[in-house]
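Engineer: The structure follows.
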Amino acid sequence: MNRNFARLIPAMALAVLFSVPAFAQSAAPSAAAAPAVAKVGIINIQAAIVTSNEGQRDFESLQQKFDPKRQELESLNKEVDELQKRLNTQGDKLNDEARGDLLKQLDAKKKTLQRNYEDANTDIQAQQNEIANRIGQKLVEVLDKYAKDNNFTLILDVSGQSSPVLWAASSVDITKPVVDAYNAASGVAAPARPATAPKPAAATTPKK
């Protein structure tokens, strides 16, 4: 099975439909035969990707990779704050030339911050999507085998807000067993600390 998970972050919506097990695909049942009962399960694909051992490892590595950029943006954001405070407290005391120069500095810093912030977010989101897509492709293969081995007729993803599932018993949630199966298949060891959601590229939104 081949799926595109490029839009898994921040939200994912995937419904995986599997074939009815062989025992239910036989010729039309006789009048006395009982109808096959559909076995339905749900899975949170987004959570499965992020909490898998491989997902925890790769998203943590990505977060560490972007830490220097995050610190750079925070430093630049601080410079913008300082210039803004200086303008607010001293602006009316400066002559026109000095005030104009301060405004130009502030405007230039804001534009640089905004541009760097957008570039960093675009970059980290692209790499987050690459990780999610790579793991997601393999995860669906594991899910396919798990569903067939356990005679499921239908598996619904409840990750996205557009999921048609309004309520489901916890007994039909197969997220954890599928993650366990994926971890076993991937061979990636569990991380030393629990998984955390990937952080944004910058700690604060750039000033307008």
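Engineer: Every residue in the range 44-64 that is assigned to a loop (DSSP other than H, G, I, E, B) and in contact with a strand residue (DSSP E or B) (Cβ under 9 Å, 6 or more places away or on another chain), please.
Structural biologist: The one that is assigned to a loop (DSSP other than H, G, I, E, B) and in contact with a strand residue (DSSP E or B) (Cβ under 9 Å, 6 or more places away or on another chain): Asn44.
Engineer: Moving to a separate point now. As an exercise: evaluate Gly41 against (1) modelled with pLDDT under 95; (2) assigned to a strand (DSSP E or B) and give the number of the one condition it does not meet.
Structural biologist: (1)
Engineer: Counting just the residues of the range 174-188 that are of a type in the set (Gly, Ala, Ser) and surrounded by 13 or more Cβ atoms within 10 Å (Cβ to Cβ), which one comes out nearest to Lys148 (Cα to Cα)?
Structural biologist: Looking at residues that are of a type in the set (Gly, Ala, Ser) and surrounded by 13 or more Cβ atoms within 10 Å (Cβ to Cβ), I get Ala181.
Engineer: Now for a separate question. Output the residue which, of all residues in the range 147-173 that are in contact with a helix residue (DSSP H, G or I) (Cβ under 7 Å, 6 or more places away or on another chain) and under 14 Å from Val40 (Cβ atoms), is surrounded by the most Cβ atoms within 10 Å (Cβ to Cβ).
Structural biologist: For the range 147-173, the residue satisfying everything is Ile155.
Engineer: Here is a further query. Six or more apart or on different chains, Cβ under 8 Å: which pairs go from a residue in the range 166-194 that's without any contact (Cβ under 8 Å) to a residue 60 or more places away in the chain and farther than 18 Å from Ser61 by Cα to one that's of a type outside the set (Ser, Thr, Tyr) and surrounded by 15 or more Cβ atoms within 10 Å (Cβ to Cβ)? Could you list them?
Structural biologist: Qualifying pairs under 8 Å: Ala181/Val142; Ala185/Lys138; Ala185/Val142.
Engineer: Return only the number of the condition from (1) at pLDDT below 95; (2) among the hydroxyl-bearing types (Ser, Thr, Tyr); (3) under 22 Å from the mean Cα position of the chain (by Cα) that Thr175 does not satisfy.
Structural biologist: If we test Thr175 against (1) at pLDDT below 95; (2) among the hydroxyl-bearing types (Ser, Thr, Tyr); (3) under 22 Å from the mean Cα position of the chain (by Cα), just (1) comes out false.
Engineer: Shifting gears a bit: Would you check if Ala184 is modelled with pLDDT under 95 and of a type in the set (A, V, I, L, M)?
Structural biologist: In short, no.
Engineer: Sort through Asn77, Asn53, Asn2 and tell me the only one that's within 30 Å of Val188 (Cβ to Cβ) and modelled with pLDDT of 95 or more.
Structural biologist: Going through Asn77, Asn53, Asn2 in turn, the sole match is Asn53.
Engineer: Can I ask one more? Counting only residues that are over 22 Å from the mean Cα position of the chain (by Cα) and β-branched (Val, Ile, Thr), which one in the range 40-83 is surrounded by the most Cβ atoms within 10 Å (Cβ to Cβ)?
Structural biologist: Of everything passing the filter in the range 40-83, Val80 is surrounded by the most Cβ atoms within 10 Å (Cβ to Cβ).
Engineer: Which residue out of Gln90, Gln63, Gln56 is in contact (Cβ under 8 Å) with a residue 24 or more places away in the chain and over 17 Å from Tyr117 (Cα atoms)?
Structural biologist: Sole residue among the options that is in contact (Cβ under 8 Å) with a residue 24 or more places away in the chain and over 17 Å from Tyr117 (Cα atoms): Gln56.
The values are calculated or read from the model by the stated rules, or taken from the named source; none is laboratory data. All of these numbers come straight from a predicted model, not from anything done at the bench. Note that each Cβ is placed from the backbone with ideal geometry, even for glycine, and that neighbours are counted across all protein chains shown.
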